[in-house]
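Report on the following structure.
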Amino acid sequence: MLEKLAKQTAIYGISTIVVRFLNYLLTPYYTRIFDQGEYGIVTDIYALIPFALVILSMGMESSYFRFTTRAEEQGGDIMESKRRVFATTWGITSLNAVIFFAIVWLLNGAISHIMGEAYVTHPEYVTVVAAIVMVDVWTMIPFSRLREQGRAMRFVMLKALSVLLNVGLAIAFGIAGLYSTSFGVGWVLIANLIASVVTLIALLPTTGGVVPRIDVALLRKIFVYSLPLLISGIAGTANEFIDRQMIKYLTPGGEATAMAELGIYGAIVKIAVVMTLFTQMYRLAAEPFFLSSFKREEFKEANAASMKYFVMASVIIFLGIVLFRDLFALIVGRSFREGIEILPIVLAANVLAGIWFNLSFWYKREEKTKYAAYITFLGLAITVALSFILVPKMGYRGAAWVRLIAEAAMVVWSYILCRRHFPIPYDLKRIGEYFALGAAIYAISEYALMGMSYGLHMATNVALFMVAICYAIWREKIDVNGLLKAVIGKFRR
C-alpha cells in the first residue's frame, strides 16, 4: 500500500529537487550582489507571498482532493462531478485573486507606508507583488488537478518551466546591470512575474476545456469543509512568516539594522531548504494519497508507517546538513555566514513541521478540520508571545528558538488530539530510536570531536553520516535496488 506513496514521493522528490536546485542558485547569487538590507527586502516579500496565497486559496486545494474523492464514492457521472468541483474551486480562488489585486492597486500608498520605508520609496514593489500573487493563485487549482490525476511528470515539467524562466531572467537582469538601477531589487519581482504569467499560459491546455465557474450550491458544501482549513492555514502560514516580521519590527537599532538581521536570517533559512524540499515533495504525493478512498484501518496503518519513514528520512537529511554546515555556509555570501549557528535550530523546526503535517491527515479525512485551527493558533500564540521576549534580546537567534518551540508545541498537541479522537498506532519506539540516533551522532560531531583537524573532522563526519544511512536501511530492511528500479521505470513510462 505504501509502495505507491513511496514511488510518487520519489518522483516528485527527484524532479522537485532538480528544479528547486536551479532556483536555489539564486540564493548564493543574490547574497553576493545585494547587501544584507537589500536581501532583507527580498526575504520580507517572499515571506509575505505565501501568507497571501493561503488566504486567497481558502483551503480549496485540500477541498478539491476531498470532493473529487466524494464524487468517486457517490458514483453517477463521476467525470462531470469532478469537472464541477474543479470549475467551482478554480472559480472562487480566481475571483478572490482579482479582488485582491484591485484592492492592493487602489490602496498601494497606504500599504507601502505600513510595510516600511523601503516600500514607501518604491510603492511599485507592492503592486508587482500583488500581480505575482494573483497569477499564482490562478494556477493553484489547475496544478492540484494534475496531482489528483496522478500526472506527476506534467506537474513537474510546468513547475520546472517557471523556475528555469525565473532563474534565467534573474541572472540576465543582473548581467544587464538592472539591479544597480533605482528600481533595484524590484527586478527580482519582475522576473518572478514574467515566469508566473508564462507558466499560467502553459498550464491552461491541461484544464480540459473547463473554465472557472462557481456552482453556488456546491460551494456552500465545500466551504463547510474548507473554512476551518482556511482559518488554520492563515494561522499556520502566519506562524511561518511572523518570525520575519518580528525580526523586522522588534529588533532594536532602527530599520536598517532590522533589515540586515532579517537578511541574515532569511539566508540561513534558505540553506535549510533541503529539509523543506523533502517535506514539500512528500506533501505533493501524500495529500492526494491519504485523502483518497481509504478504509479506516487501512488509513491508520498507512499513516503510522509513513510517519516512521518520514522521521527516518528527516533525521538523515538533518545530519547530512548539520554535519557539513561549514560547506553549506559557502552557499551564501560571506557577510551572511555569521548566522550559520542557527542552522541546526531551523532544521530541527522544519523536521517538527513535517511531523505536524503527518499528524494532520486524520482530521482532514474525518472532515474535522476545526482541529487544524486549534493547533495552528496555539503555534501562532506561542510565536508572538515568545518573540516579544526573545527577539529584542537575541535578534534572529531568538526568532530561530521561537520557531523551534512553537513547532514542538504544535506537534505535542496534535499528537494528544490524535490519541484522543482518532488513535493511530504510531511506532513511537522506532521513531524515538531515530531521534536518539540523530541526536547522538550530532552530539559526537559537535562536542566529542572538538580539537580535531578540519580534514579529520570532516572525514569522521562522513563516516558518521554513512552509519546513519546504513543503520536505517538495515533497520527497515529497505530494498534500495527495488525502489530505484520502480522510480526509473516510472520516469521511462
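Every number here is computed from the coordinates shown, using simple stated rules; none is lab data. Because the structure is predicted, anything quoted here is derived from the model rather than measured. FYI the Cβ positions are ideal-geometry reconstructions off the backbone, even for glycines, and counts take in every protein chain you see.
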Any trypsin sites (Lys or Arg not before Pro) in segment 292-345 that lie in a DSSP loop and have at most 12 other Cβ atoms within 10 Å would be K295
For the peptides 92-103, 156-167, what is the packing order when you average, over each peptide's residues, the other Cβ atoms within 10 Å and list the highest mean first?
156-167, 92-103
Over segment 231-279, what portion of Cα pair distances is larger than 12 Å, expressed as a whole percent?
67 percent
Straight-line reach from K248: which aspartates and glutamates fall under 15 Å, measuring Cα to Cα and dropping same-chain residues less than 8 apart?
E38, D44, E117, E240, E261
Points 7 angstrom from Cα along the Cβ direction at A436 and E476: gap in nanometres?
1.9 nm
Kirkwood hydrodynamic radius of the chain from all distinct Cα pairs, in Å?
23.7 Å
Share of Cα-Cα pairs in segment 304-429 beyond 26 Å, in percent?
32 percent
Taking the beta-carbon count within 10 Å as an exposure proxy, list H122, H457, H421 from fewest neighbours to most.
H421, H457, H122
What the Cα atoms of segment 166-247 span along the principal axes, largest first and in whole Å, is 53, 42, 18
When the C-alpha atoms of segment 295-362 are aligned to their principal axes, what extent does each axis show, in angstrom, from largest down?
54, 18, 14
In nm, what is the difference between 0.36 nm times the number of residues separating A381 and E446 and their Cα-Cα distance?
20.1 nm
Note down the magnitude of the dipole of the chain about its Cα centre, charges +1 on Lys and Arg C-beta and -1 on Asp and Glu C-beta and zero elsewhere, to the nearest 20 debye.
1380 debye
Which of K221/K429; K393/K429; K308/K370; K159/K308 exceed 32 Å between C-alpha atoms? The answer is K221/K429; K393/K429
Under the Karplus relation 6.51 cos²θ - 1.76 cosθ + 1.60, θ = phi - 60°, what is the ordered set of whole-Hz ³J(HN,Hα) values for segment 378-385, x standing for Gly and Pro?
4, x, 5, 4, 5, 4, 5, 4
Per the helix-only calculation at 222 nm, which mean residue ellipticity applies to the chain, given -39500 (n - 2.57) for every DSSP H run of n ≥ 4 and division by its residues, nearest 500 deg cm²/dmol?
-27500 deg cm²/dmol
Expected unfolding gain across I114-A463 under the 0.36 nm per residue rule, minus the alpha-carbon gap, is 120.5 nm
Can you figure out the FRET efficiency of F223 with R419, using R₀ = 22 Å and their beta-carbon distance, to the nearest 0.05?
0.15
What is the spin-label model distance, in nm, from R70 to K295 if the labels are put 7 Å beyond Cα along the C-beta direction?
2.4 nm
What Kirkwood hydrodynamic radius do you get for segment 236-381 when you take the inverse of the mean 1/r over all pairs of distinct Cα atoms, in Å?
17.1 Å
Listed peptides 264-270, 138-144, 190-196 by packing density, highest first (mean Cβ within 10 Å)
264-270, 138-144, 190-196
Note down the nm distance, to one decimal, between modelled labels 7 Å out along Cα→Cβ at I201 and at E367.
4.2 nm
Applying 1/(1 + (r/R0)^6) with R0 = 22 Å to the Cβ-Cβ distance of T121 and D35, what FRET efficiency is obtained, to the nearest 0.05?
0.90
Residue-span extension gain [F324 to E80] - 0.36 nm each, minus C-alpha spacing:
82.6 nm
Rank I382, C470, Y447 by how far each Cα sits towards the positive end of the charge dipole of segment 381-477 (+1 on Lys, Arg Cβ; -1 on Asp, Glu Cβ) and give me just the farthest.
I382
